[in-house]
1. Set the Förster radius R0 to 51 Å, insert the Cβ-Cβ distance between Glu81 and Leu11 as r into 1/(1 + (r/R0)^6), and round the FRET efficiency to 0.05.
2. Along each of the three principal axes of the Cα atoms of segment 152-269, give the extent in whole Å, ordering the values from largest to smallest.
3. When the dipole is taken about the Cα centre of segment 152-269, and only Lys, Arg (+1) and Asp, Glu (-1) are charged at their Cβ, what size is it in debye, to the nearest 20?
4. What number in nm² do you get for segment 101-212 if you take the convex hull of its Cα atoms and divide its surface by four?
5. Please give me the summed charge of the neighbours of Gly263: other residues whose Cβ is under 13 Å from its Cβ, Lys and Arg +1, Asp and Glu -1.
6. Between the alpha-carbon centers of segment 231-273 and segment 169-226, tell me the distance in whole angstrom.
7. Are there chymotrypsin sites (Phe, Trp or Tyr not before Pro) in segment 224-267 that DSSP marks as loop and that have at most 13 other Cβ atoms within 10 Å, and which are they?
8. What list of ³J(HN,Hα) values in whole Hz, one per residue of segment 73-81 in order, does the Karplus curve 6.51 cos²θ - 1.76 cosθ + 1.60 (θ = phi - 60°) give from phi, with Gly and Pro shown as x?
Amino acid sequence: MDAATGEHGDLLDLIALSQGLSLRDAIRAAHVLLRLPPTPRADGSTQRDTGAPASCRRLFAASQPVRGTPAARYLAGRGIELACAEPALRFHPRCHRWDRHGRVSLPALIAAVTDGTGRLMGLHRTWLGPDGGKASVDGPRRAMGQLMGHAVRFAAAGPVMAAGEGLETTLSLRMAFPRLPAVAALSAPHLSAWIFPTVLRRLYVACDADAAGQWALAKLMQRGRDAGLKVLPLHPRLDDFNSDLMAFGLAELRDWTASQLFGPDAAALLPAD
């Protein structure tokens, strides 16, 4: 119970609230977590346990491409103009969320969290307000599903890649270097635990300028050494690369970042004229 508000519930309510699930899907997620056998039906058959990733797949399938939607307007407000469609990003006009007032439905930017094979494992939702920014609600960003080790992926994995925490940070880097495959892990702990693709040889880490960002960088550098990879930091001028994009513009962001790239990467990764 929350003594301040009187809001209360059990562990199923907590699962439903934290992952944005219906009670039915929260029960299924609890079955997976507790490794319980399938629920028997009255006719003797069993109900297939689909769990949180299946809920993510249903929500993603019900979403639509970003172009021409409030999600595109939100990204444009952060200086991000998608030169080409990013399959990992979608828009849902009435994405459910639960708060102390019950269930509400708001438009949302949806980002797919996938594993190395492209299998959808989770979602990240950013609820949007009528002014083009984030919705004025508690926790306008929430993730659901199985996130550890996975990420939102922009372009296929390759020998040279970039990884960052937030969607806007990673998309800002993609604006500057559209040829650079990149992933957004959504938090510092998830960034530190991202599973390296087998083809990866050199990883650039778009560091947020805070203690959590430095901690994630140190973890990735240690894991990179153990795996025989070269892990190199990319430092923003301000707190992150989206702040740099907003403050200094795309050309200055590109020049600042290119000066930190290894050897011939800058020329190879610059956008074609």
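1. Taking R0 as 51 Å, the efficiency between Glu81 and Leu11 is 0.75.
2. 36, 31, 23
3. My answer is approximately 580 debye.
4. 8.1 nm²
5. That sum, taken over residues with Cβ under 13 Å, equals +2.
6. 14 Å
7. Passing sites in segment 224-267 are Phe262.
8. 5, 4, 5, 4, x, 9, x, 9, 10
Bear in mind that the values in this text are calculations on the coordinates, not laboratory data. Just so you know, these numbers come straight off a predicted model, no measurement behind them. Ideal geometry is used to build each Cβ from the backbone, glycine not excepted, and the neighbour counts take in all protein chains shown.
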